[in-house]
Amino acid sequence: MKTLLMCTVNGEERTVLADTRDTLLELLRDRLGLTGTKEGCSNGNCGTCTVLVDGEPVCACLVLAQEAPGRDVMTIEALSAGGTLHPVQQALVEFGGTQCGFCTPGIALSAKALLDRNPHPSEPEIRHAIAGNLCRCTGYGKIVDAIAAVAARTQGR
């Protein structure tokens, strides 16, 4: 059964026809064409589909599209502004924390959520914040270093 949903995605009010069984991931990728959110495991284990809902990281494959109305959904497409990378994205590039790039959108959004609530996290706090995002290429060291560098830059170091 199809239903008309009105939701806020990347700061823009959107009206979209969705099946009542659609996940938020399907709504974003298939209905709205926002393919920066990746599909990995489809069961919430890998974090590649991480988006921010009301500022908190969630696996879009585990959230029903029907839950989107009234919530603020942010995808990786909204992280950079006017062609300028967000500091987290820039640091991931600088530190070589991107490798194949498949996990990068979810990690970048998880890092943004962490830095929004805690601008100066410790290394264990950074590792905890990205623990739900699996990366098979980097070993996490460069990713953690990149996020720590963003935090250090906001401290004026």
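The values are calculated or read from the model by the stated rules, or taken from the named source; none is laboratory data. Worth saying up front: this structure is predicted, and the values here are computed from it rather than measured. Note that we place each Cβ from the backbone using ideal geometry, even for glycine, and neighbour counts take in every protein chain shown.
Summary table below
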| quantity | calculated |
| --- | --- |
| Among the residues listed as F102, F95, the single one being modelled with pLDDT of 95 or more and over 18 Å from L27 (Cα atoms) | F95 |
| So R127, is it more than 13 Å from the chain's Cα centre (by Cα), outside the structural domain of G33 (by TED's automatic domain parsing) and closer than 25 Å to C7 by Cβ | no |
| Residue among G55, G132, G97, G101 that is assigned by TED's automatic domain parsing to the domain that holds V9, within 20 Å of T37 (Cβ to Cβ) and not hydroxyl-bearing (S, T, Y) | G55 |
| Residue among A91, A60 that is closer than 19 Å to A111 by Cβ and assigned by TED's automatic domain parsing to the domain that holds L109 | A91 |
| Long-range neighbours under 7 Å by Cβ, at least six apart or interchain, first residue closer than 10 Å to P87 by Cβ within the stretch 135-157, second of a type in the set (F, W, Y) and buried (at least 17 other Cβ atoms within 10 Å of the Cβ) | A146/F95; A149/F95 |
| Residues satisfying the stated conditions in the stretch 111-132, i.e. within 10 Å of A151 (Cα to Cα) and in a loop (DSSP other than H, G, I, E, B) | N118, P119, H120, P121, S122 |
| Residue, farthest from L4 (Cα to Cα), within the stretch 48-104, restricted to residues that are assigned to a loop (DSSP other than H, G, I, E, B) and of a type in the set (V, I, T) | T98 |
| Within the stretch 75-99, tally of residues that are touching a Ser or Thr at 6+ places or on another chain (Cβ under 9 Å) and not charged (D, E, K, R) | 11 |
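Residues checked against (1) assigned to a strand (DSSP E or B); (2) in contact with a Pro (Cβ under 8 Å, 6 or more places away or on another chain):
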residue: T3; (1), (2): yes, no
residue: C7; (1), (2): yes, yes
residue: R14; (1), (2): yes, no
residue: L17; (1), (2): yes, no
residue: L25; (1), (2): no, no
residue: L28; (1), (2): no, no
residue: G33; (1), (2): no, no
residue: G36; (1), (2): no, yes
residue: G40; (1), (2): no, no
